[in-house]
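Throughout, read-outs are computed from the coordinates displayed, never taken from laboratory work. Quantities reported herein were computed from a predicted structural model and do not represent experimental measurements. Glycine gets a Cβ as well: all are built from the backbone with ideal geometry, and neighbour counts include every protein chain shown.
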Amino acid sequence: MISGKIRWGILGTGYIAEKFAEALSFIPDAELVAVGSRSKNTAEKFASKYKIPNPHGSYKGLIEDPEVDVVYVGTLNNVHKDNCIMAINAGKPILCEKPFMVNSKDAIEVITLAREKKVFLMEALWTRFIPAFTEARKMWESGVIGDVRMVSSDFGFLCERSTTNPLFVSELAGGAFMDVGPYSVSMAHILFGEPDEITALADMGPTGVDEQIGMLFKYKGGEIVLGYSSFNVESPKEATISGTKGYIRIHEPFFCPTGFTLHLNGQKPQVFESPLEGNGWNYEAVEVMECLRAGKLECDLVPHEETLALGRTMDRFRAHIGLKYKGIE
């Protein structure tokens with residue numbers, strides 16, 4: 001159990017690591033004390049930008065830093081497993097960026113180790129902690145829109161293909177499905193859990209990863225979920241939850257919204273707004289800190305079993321479209 005200020009260390013120096021570093025500045029009782037990279041120079045540049053006192057030229061250096069209370073893993077997908085295992089063995093609590101692992105086999109191994117070592121571990125599904133999203137969730141779970149029968153979500157953005165861009169590198173577990181697909185998979189699981197049937201169509205690019213994918217989830221009760229992820233287009237980035245009495249449209253971007261609209265059958269739409277305090281990533285960091293202070297080993301909103309279930313569904317979709325990563329699987 002940790003009390004007082006909680007000291008964070010960040011593994012990685014890319015885009016998502018920068019966003020998380022910014023997020024911590026919005027939390028009064030959070031302190032960013034270290035950053036770790038494979039390059040000492042890169043770590044020092046990141047540390048200079050975010051005023052971090054301890055830059056480390058290796059992941060191991062950060063994990064073994066006695067000043068670090070909790071580690072945020074914001075590295076590339078293919079090294080999440082090694083990073084988490086190293087941190088768990090060092091007894092350091094972890095917030096690991098999504099996708100949690102490359103496959104469910106690795107997820108089982110890492111979560112099993114965390115449970116054995118009694119180390120806090122959570123997948124960074126930040127959307128679940130965004131105020132507007134949580135308010136919309138309360139609304140559909142209360143039955144306001146009746147029985148939910150259909151859900152759709154999309155996340156497409158233009159991304160220039162390049163053999164040096166990690167998003168397009170098979171050996172780094174790149175592709176649209178692994179980068180932004182987890183948001184649609186997570187939406188399906190939040191509403192209905194693991195699907196009974198899945199199907200998908202994907203456009204496989206010349207680098208060996210998917211550049212866009214359409215996903216279809218079906219459940220025993222007849223519920224249908226549609227998800228779309230792409231590097232080829234700018235899509236609306238909205239989510240719609242449709243029920244027998246109306247629907248909720250979560251505004252762009254649905255993964256970090258500031259509002260949603262309630263459309264009840266035969267009534268005028270009602271708009272609900274919940275502005276962000278911070279950049280959005282701060283909410284999941286606060287949740288981790290509250291869990292650590294309470295002595296928890298997992299988060300109630302993103303429990304280990306949910307992460308394992310998400311991994312199984314991700315595996316099924318990749319198998320369906322024949323997506324394998326070079327040198328990993």
Gain on full stretching of the segment that runs from Ser25 to Phe272 - 0.36 nm per residue minus C-alpha separation: 86.2 nm
Angle between the chain longest axis and helix 15-24 axis [Cα atoms, degrees, rounded to 10]: 80 degrees
Debye, to nearest 20: dipole size of the chain, +1 on Lys, Arg Cβ, -1 on Asp, Glu Cβ: 180 debye
Degrees between helix 40-50 axis and first principal axis of the chain (Cα, 0 to 90, nearest 10): 60 degrees
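Report, please, the projected area of the range 94-141 averaged over directions, based on the convex hull of its C-alpha atoms, in nm². Intermediate values should be presented prior to the final figure.
On the way: hull surface 17.2 nm².
Mean projected area of the Cα convex hull: 4.3 nm².
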Ellipsoid semi-axes in whole angstrom, largest first, where each is sqrt(5λ) of the Cα gyration tensor of the range 160-277: 30, 19, 11
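When the convex hull of the C-alpha atoms of the range 1-150 is computed, what volume per residue in Å³ does it have? Let's see the in-between values first.
Values: hull volume 21.9 nm³, N = 150.
Expressed per residue, the convex hull around the Cα atoms of the range 1-150 is 146 Å³.
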Interchain or long-range residues, amide H under 5 Å from Gly243's placed H: Arg149, Ile248
Cα Rg, Dmax (largest Cα-Cα span) when computed across the range 1-81, Å: 11.6, 34
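Where both partners of a DSSP beta bridge lie in the chain, what percent of those bridges are antiparallel, to the nearest 5?
Working: 34 of 61 bridges.
DSSP beta bridges in the chain are roughly 55 percent antiparallel.
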Top of Glu298, Glu160, Glu273 by mean-square fluctuation, Gaussian network on the chain, Cα under 10 Å: Glu160
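Summarise the long-distance tail of P(r) for the chain by giving the % of C-alpha pairs beyond 24 Å. Before the final figure, lay out the partial values.
Working: 29710 of 53956 pairs.
Value for the chain: 55 percent of Cα pairs lie more than 24 Å apart.
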Under the Karplus curve 6.51 cos²θ - 1.76 cosθ + 1.60, θ = phi - 60°, whole-Hz ³J(HN,Hα) for the range 215-229, x wherever Gly or Pro sits: 10, 10, 10, 10, 10, 4, x, x, 5, 10, 10, 10, x, 9, 9
Average silhouette area of the range 212-329, convex hull of alpha-carbon atoms, in square nanometres: 11.3 nm²
Between 0 and 90°, nearest 10: helix 80-89 axis offset from the chain longest Cα axis: 50 degrees
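Sorted by average packing, counted as other Cβ atoms within 10 angstrom per residue and highest first, what order do 230-236, 285-291 take? Write out the running numbers ahead of the final one.
On the way: 230-236: 16.4, 285-291: 20.1.
My ranking of the peptides, most packed first, is 285-291, 230-236.
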Calculated FRET efficiency for the pair Ile2/Lys220, C-beta based, R₀ 45 Å, to 0.05: 0.60
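Set the Förster distance to 25 Å, then compute FRET efficiency between Lys118 and Arg312 from the Cβ-Cβ distance, nearest 0.05. Each step should come with its number before you reach the end.
On the way: r = 25 Å, r/R0 = 0.98.
It comes out at approximately 0.50.
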